[in-house]
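Below is one structure, written out as structure tokens; the observations come after it.
The values are calculated or read from the model by the stated rules, or taken from the named source; none is laboratory data. Bear in mind the structure is a predicted one, so any value in this text is a computation, not a measurement. Counting neighbours? That spans all protein chains shown, and the Cβs are built from the backbone with ideal geometry, glycine included. Just the protein is used for accessible areas: all its heavy atoms, side chains included, with ligands, DNA and RNA removed. Shrake-Rupley method; radii C 1.70, N 1.55, O 1.52, S 1.80 Å.
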Amino acid sequence: MRFNGRSRHERDRGESVEKKSAWRICRAMVRGYWFSEEKWKARGLLAVVIALNFIAVGMLVMINDWYNEFYNALQAYAYELFWPLVGKFAVLAFLHIAVAVYAIYLRQMLQIKWRSWLTERYLSRWMAHRSYYKLETLAEGTDNPDQRISEDIGQFVDLTLSLFVGFLKQLTTLAAFAVVLWNLSGVLTVPVGSWEFQIYGYMLWFSLIYSILGTVGAHRVGKKLIGLNFEKQRFEADFRFNMMRVRENSESIAFYGGEAQEVQGFKERFARVIGNFWALMRQTKILNFYINGYAQLAIIVPLIMAAPRYFGGEMALGGLMQTISAFGRVQDALSYFVEAYGTIAEYAAIVRRLSGFTAHMEEVEAKESAVASEASSGGFAAEGIFVALPDGTELLRDCSFSLAAGGSLLVTGVSGAGKSTLLRTLAGLWPFARGRAAFPKGGRRLFLSQRPYLPLGTLARTVSYPLTAEGPRSEMERALRLVGMESFLARLDEEADWSHILSLGEQQRIAFARILLVRPAWVFLDEATSALDEAREKELYEMLARELPEMGRVSVGHRSTLVAYHERELRLDGAGGFSTRLLRAEPAAR
């Protein structure tokens, strides 16, 4: 039988591999912190949290013993014991509350430390090897990596600690109260015909069977919640990201008058959110019916089970109340997975999302460009460059060219010929390429795109990017004057979303100011003057030649006016071929 192009066996095997990968990555996330440089602090804090939970369980046992004393005193009308026992309960309750509060407080402290450690590692890994770029262009199925880091890591840490500590606490509770319940249960004699069977600790055995059946039933009822919780986060993030895209591109949308289409897009994504939420509601309703029914039965069942011994005079009122309390504790401990099933389903979905994100980062980290980067004596040379699309279509075949230090090259060709992709290849971003590229050793390279990136913050930070804004203010002011942006000098310390304030032409002039501040050995400009008039374009290129005569330039563009500012041309035909020609005499070696 085939299913979506795969046999059932292949599909099941794929899901099994996915689950193994998810839990492998989950173990690595846990092990990474607990064996890190912070391991002793983390382990010590966890030990204190566990110890406090053990103390809390011990105090619950003492409170359970108090039930026996108190209700026996009530049955005997021993008024002289009433207030001392109330005082004893008040002391036990106060100490139990203090221990429980600090157990949670210290667990949250550990949660903050673990989340900070994991977030720092994931952020570093996301930004290293340009994974943030490769995930967007190469990895399919990687949705909203920002949410994986900002939300899922926090939820992963929180649920890991709460489930682990909760499990240990319930295991300790089970061990402590199982002994109490065994001793209180006595022997139940069950007549079967002429035979009589004696069941020792029958309340404990019944609690065990009841809880196992309850756990199995909860899994069967609630297992669909795992997939629904996974989809919930994805649909919510897609809806939020769509609105963010409108905010980032508000001017373009306004010019197009595309409000109706954007609203339609909002409605489609929100419909997925609502549809998923309805499915969650229905499945949660079924699970809640089951859990609440299970919990209500657990109230009356111990009374029914203990009634024969109580009415037979084998047990006093205090013993009956202590038995009911102990049964409840044992049943709660054994039913931990029933009560926590919704949380476990959410946790499984989080592990699945984080494992997918981590696996995709591992995948793109392995996809390094096959273009070998070498050191040159001062110029720039590319040899045997092959560039292709992800589907294998060749854009450039066996391309070689070289430029002397301070030289300039104009890359031209029809749209889609691979001009920008060639720049990505030279920058080491494009994995579907091979060949060799040699740059001056230690020489900095700067790549400018058609639409410059403007970070949030002050204008000074925007101008100096990717450097910090801590350099000499005089150099920044001079750079702005040279690119014709002197009217913004008074606003350098103003914080704003400059990508919405500055026109595209002004943003491109900001990019040229960055060249003056970075002073690279080579600059690569991908249609970096497309929004400027020809006079301003001429002014900026002449300014670069005057201010940075040793800097080499490689430009991508369609305008014929760019020919005047370059010495050589590399023309791509879009079918893998290329041609070169000399535009004007190259400068002597500098």
Restricted to the chain, the DSSP antiparallel beta bridge percent, nearest 5, is 50
Subtracting the Cα-Cα distance of Ile299 and Asp398 from 0.36 nm times their residue separation yields 27.7 nm
For the chain, longest principal axis from Cα atoms; helix 8-34 axis from its Cα atoms; angle between them, nearest 10 degrees, is 90
Of all GluC sites (Glu not before Pro) in segment 513-573, the ones in DSSP coil with at most 12 other Cβ atoms within 10 Å are Glu550
Nearest 10, in degrees from 0 to 90: the angle of helix 153-185 to the longest Cα principal axis of the chain is 10
When every protein chain stays in place and a 1.4 Å probe is rolled, Tyr33, Tyr79, Tyr453 sorted by accessible area with the largest first are Tyr79, Tyr453, Tyr33
Counting only residues 5 or more apart in sequence or on a different chain, those whose built amide H sits under 5 Å from that of Leu583 are Arg568, Glu569
A correct Karplus calculation of ³J(HN,Hα) over segment 553-562, with 6.51 cos²θ - 1.76 cosθ + 1.60, θ = phi - 60°, whole Hz and x for Gly and Pro, returns 9, 10, 10, 10, x, 10, 5, 6, 5, 5
If R0 = 41 Å, then Arg434 and Arg27, at their Cβ-Cβ distance, give a FRET efficiency to the nearest 0.05 of 0.70
Heavy-atom accessible area per residue of the chain, all protein chains kept, 1.4 Å probe, expressed in Å², is 53
Output ordering of 68-77, 278-287 (per-residue mean of other Cβ within 10 Å, highest first) is 68-77, 278-287
1/(1 + (r/R0)^6) with r = Cβ-Cβ of Thr284 and Asp533, R0 = 41 Å, i.e. FRET efficiency to nearest 0.05, evaluates to 0.10
Here the alpha-carbon Rg of segment 16-86 over 2.2 N^0.38 Å rounds to 2.11
Candidates for percent of Cα pairs over 42 Å apart are [x] 47; [y] 27; [z] 41, and the calculated one carries label [x]
Taking a crude spin-label model, label points 7 Å out from Cα along the C-beta direction, the Val48 to Ser250 distance in nm is 4.8
The percentage of the accessible area of the chain (probe 1.4 Å, all protein chains present) made up of carbon and sulfur atoms, to the nearest whole number, is 59
The long-range amide H neighbours of Val411, using H built 1.01 Å from N in the peptide plane and a cut-off of under 5 Å, are Ser555, Val556, Gly557, Leu570
Output ordering of 174-180, 47-53 (per-residue mean of other Cβ within 10 Å, highest first) is 174-180, 47-53
Under the helix-only model (-39500 (n - 2.57) for each DSSP H run of 4 or more, divided by the residues of the chain), the mean residue ellipticity at 222 nm, to 500 deg cm²/dmol, is -21000 deg cm²/dmol
Nearest-0.05 FRET efficiency for Met62 and Val263 at R0 = 56 Å, using Cβ-Cβ distance, is 0.35
Loop-resident GluC sites (Glu not before Pro) in segment 70-152 with no more than 10 other Cβ atoms inside 10 Å, DSSP not H/G/I/E/B, are Glu140
For segment 423-431, Karplus-derived ³J(HN,Hα) couplings (6.51, -1.76, 1.60; θ = phi - 60°; whole Hz; x for glycine and proline) come out as 5, 4, 5, 5, 7, x, 8, 9, x
